[in-house]
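Asks: Provided herewith is a single structure, encoded as structure tokens, for subsequent inquiry.
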Amino acid sequence: MKAPCKNRFGSFGASHDAVLRRRIRFHGPMRAPLGRLRFRYLSTMTPLSRSAALTPIDPLPVRLIKRIALILAGPFYFLYIGFVPLLCARRQGFRGWYWRTVKRACSRLLWLLSIRVEMTEKDRATLAADTDSLIVINHRSHLDGFTLMDVVPDEKWFTFAAKKELCDAALLSTGFKGAGLVEIDRTSGKVALETLNEAVRTMPARRSVVLFPEGTRAKTATLAEFKAGAVIVARETGRAIRPIVIHNSDTLLPRGKHLPRSGTIRLEVLPLFHCDMSVDVDKDVTRLRAAMLEAFERGI
């Protein structure tokens, strides 16, 4: 893969919006990665049963070939993803180039795992036009982050919060910084919130941090109780919350399992949630969870 350069990706200091507009103007839309061959837009969303979600999207011989390819080539590809920031992090245009590279890596991983991601055309357009928001998504399995990265439109930029221990790891720190992840010290809730608030305040309008309000993967068939962090950050920064509900990722990769099954995961983008500053935080948290729970149960 060619390292980023100024002429192709713009200056490192330019905003994501400016680099994106320049790329679309001079180079056309970004080429869809291989994994997007398994991504499908729906005109309408209907409930997807567990059995339908587990319907393999590839014949068994194809799935076996893909798994073998993942075992053989996967470690080398993801070592490349992890180590390229060590060589190129200071190059102009690196962050925009690296963001697209990581997106494609997530899409290719899902393709090799024979996992299809579905979203309605309306939800895709809503996400593409989304600005000044926090992304809040329920957490069902280890596939959730890859799924979200697979569907994010080129017009939108996500970043994640990562615990300090991961950001300090020798093999991960440079890559995490290159991807723009927000380092969180979870030993102090106050410091963690201050770090998030500062990061969100300085983000471009089209960049959103992704937060999992349950704090960890849900252990039951429904949504776990929500923590207040996302609502507090939204109140402090003035951003709205964009809820996203993920369906069936835990059906393909339940807790305790390490190899996902082939099948279909769906994402549903909900209307913007605005905090009510006239009530206390807990009431906003309850209202946010109720809206996401309704969509989650409707999609089962």
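Asks: Quick check: anything in segment 202-224 over 19 Å from the mean Cα position of the chain (by Cα) and surrounded by 16 or more Cβ atoms within 10 Å (Cβ to Cβ)? Explain how you work it out, then say what you get.
Replies: Step one: list which residues in segment 202-224 are over 19 Å from the mean Cα position of the chain (by Cα), which gives 202, 219-222, 224.
Okay, now just the ones that are also surrounded by 16 or more Cβ atoms within 10 Å (Cβ to Cβ), so 224.
Yes, that holds for at least one residue.
Asks: Could you give every pair whose Cβ atoms fall below 6 Å, whose first residue belongs to segment 231-242 and is part of a helix (DSSP H, G or I), and whose second residue is of a type in the set (Lys, Arg), counting only separations of at least 6 or pairs across chains?
Replies: Qualifying pairs under 6 Å: 237/201.
Asks: Now a separate question. Just one of 162, 179 is over 15 Å from residue 101 (Cα atoms), of a type outside the set (S, T, N, Q) and at pLDDT below 80; which is it?
Replies: Numbers: 179 fails: over 15 Å from residue 101 (Cα atoms).
Step by step, each of 162, 179 is checked, and only 162 is over 15 Å from residue 101 (Cα atoms), of a type outside the set (S, T, N, Q) and at pLDDT below 80.
Asks: How many of the residues making up segment 260-296 are touching a strand residue (DSSP E or B) at 6+ places or on another chain (Cβ under 8 Å) and farther than 21 Å from residue 126 by Cβ?
Replies: Number satisfying all stated conditions: 3.
Asks: Here is a further query. Restricting to segment 178-192, give me the number of residues that are in contact with a strand residue (DSSP E or B) (Cβ under 9 Å, 6 or more places away or on another chain) and under 19 Å from residue 227 (Cα atoms). If you could, list the steps in order and put the result at the bottom.
Replies: Filtering segment 178-192 down to residues in contact with a strand residue (DSSP E or B) (Cβ under 9 Å, 6 or more places away or on another chain) leaves 179-186, 191-192.
Checking which are under 19 Å from residue 227 (Cα atoms) leaves us with 182-186, 191-192.
Number of matching residues: 7.
Asks: Could you look through segment 198-230, keep only residues that are touching a residue at least 60 places away in the same chain (Cβ under 8 Å) and among the charged types (D, E, K, R), and pick out the one that is nearest to residue 134 (Cα to Cα)?
Replies: 207
Asks: Here's something else I'd like to know. Please verify whether residue 62 is among the hydrophobic types (A, V, I, L, M, F, W, C), in contact with a helix residue (DSSP H, G or I) (Cβ under 9 Å, 6 or more places away or on another chain) and in a helix (DSSP H, G or I), treating the condition exactly as stated. Step through it out loud before you land on a result.
Replies: On the way: among the hydrophobic types (A, V, I, L, M, F, W, C): yes; in contact with a helix residue (DSSP H, G or I) (Cβ under 9 Å, 6 or more places away or on another chain): no; in a helix (DSSP H, G or I): yes.
Criteria not met by residue 62.
Asks: When you look at residue 110, is it among the aliphatic types (A, V, I, L, M) and surrounded by fewer than 15 Cβ atoms within 10 Å (Cβ to Cβ), yes or no?
Replies: On the way: among the aliphatic types (A, V, I, L, M): yes; surrounded by fewer than 15 Cβ atoms within 10 Å (Cβ to Cβ): no.
Criteria not met by residue 110.
Asks: Something else now. Consider residue 55 carefully, then state whether it is farther than 26 Å from residue 197 by Cα, buried (at least 17 other Cβ atoms within 10 Å of the Cβ) and β-branched (Val, Ile, Thr). Steps first, please.
Replies: On the way: farther than 26 Å from residue 197 by Cα: yes; buried (at least 17 other Cβ atoms within 10 Å of the Cβ): no; β-branched (Val, Ile, Thr): yes.
So residue 55 fails the test.
Asks: Could you tell me which numbered condition residue 145 fails, if it satisfies all but one of (1) surrounded by fewer than 16 Cβ atoms within 10 Å (Cβ to Cβ); (2) under 12 Å from the mean Cα position of the chain (by Cα); (3) closer than 23 Å to residue 199 by Cβ?
Replies: (1)
Asks: Can you find even one residue in segment 244-264 that is closer than 26 Å to residue 189 by Cα and in contact with a helix residue (DSSP H, G or I) (Cβ under 9 Å, 6 or more places away or on another chain)?
Replies: The initial filter retains those residues of segment 244-264 that are closer than 26 Å to residue 189 by Cα, namely 244-245.
In the following step, the residues that additionally are in contact with a helix residue (DSSP H, G or I) (Cβ under 9 Å, 6 or more places away or on another chain) were identified as 244-245.
Scanning segment 244-264, I find at least one residue that is closer than 26 Å to residue 189 by Cα and in contact with a helix residue (DSSP H, G or I) (Cβ under 9 Å, 6 or more places away or on another chain), so the answer is yes.
Asks: Considering only segment 260-300, state which residues are part of a loop (DSSP other than H, G, I, E, B), touching a residue at least 60 places away in the same chain (Cβ under 8 Å) and of a type in the set (A, V, I, L, M). Write out each step before concluding.
Replies: Filtering segment 260-300 down to residues part of a loop (DSSP other than H, G, I, E, B) leaves 260-262, 270-272, 274-280, 299-300.
From what is left, the residues that are touching a residue at least 60 places away in the same chain (Cβ under 8 Å) are 260-262, 272, 299-300.
Scanning segment 260-300 gives 272, 300.
Asks: Would you check if residue 210 is in a strand (DSSP E or B), of a type outside the set (D, E, K, R) and under 21 Å from residue 127 (Cα atoms)?
Replies: Working: in a strand (DSSP E or B): yes; of a type outside the set (D, E, K, R): yes; under 21 Å from residue 127 (Cα atoms): yes.
Answer is yes for this residue.
Asks: Return the residue satisfying two criteria in turn: it lies in segment 60-94 and is within 28 Å of residue 262 (Cβ to Cβ) and modelled with pLDDT under 85, and of such residues it is surrounded by the most Cβ atoms within 10 Å (Cβ to Cβ). Outline the logic, then answer.
Replies: We begin by selecting, within segment 60-94, every residue within 28 Å of residue 262 (Cβ to Cβ); these are 60-82.
Retained after the next criterion (residues that are modelled with pLDDT under 85): 77-82.
On the way: 77: 14, 78: 13, 79: 11, 80: 12, 81: 17, 82: 15.
Selected residue: 81.
Asks: Could you list, in sequence order, all residues of segment 95-136 that are under 23 Å from residue 262 (Cα atoms), part of a strand (DSSP E or B), of a type in the set (A, V, I, L, M, F, W, C) and under 15 Å from the mean Cα position of the chain (by Cα)?
Replies: Within segment 95-136, 117, 119 qualify.
Conditions tested, residue by residue: (1) hydrophobic (A, V, I, L, M, F, W, C); (2) under 30 Å from residue 56 (Cα atoms); (3) touching a His at 6+ places or on another chain (Cβ under 8 Å).
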| residue | (1), (2), (3) |
| --- | --- |
| 196 | yes, no, no |
| 205 | yes, no, no |
| 217 | no, yes, yes |
| 221 | yes, yes, no |
| 226 | yes, no, no |
| 234 | yes, no, no |
| 250 | no, yes, no |
| 286 | no, no, no |
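Asks: Which residue pairs have Cβ atoms under 7 Å apart, sit 6 or more places apart or on different chains, and have a first residue in segment 101-123 that is on the phi < 0 side of the Ramachandran plot and a second that is in a strand (DSSP E or B) and among the hydroxyl-bearing types (Ser, Thr, Tyr)?
Replies: Every condition considered, the pairs that remain are 116/264; 118/264; 119/41; 120/41; 121/41.
Asks: Taking the condition among the basic types (Lys, Arg) and at pLDDT below 95, does residue 206 pass? It would help to see each step written out before you state the result.
Replies: Working: among the basic types (Lys, Arg): yes; at pLDDT below 95: yes.
Yes.
The values are calculated or read from the model by the stated rules, or taken from the named source; none is laboratory data. Please read all numbers here as calculations on a predicted model, not as lab measurements. Backbone-built Cβ (ideal geometry, glycine too); neighbour counts: all protein chains shown.
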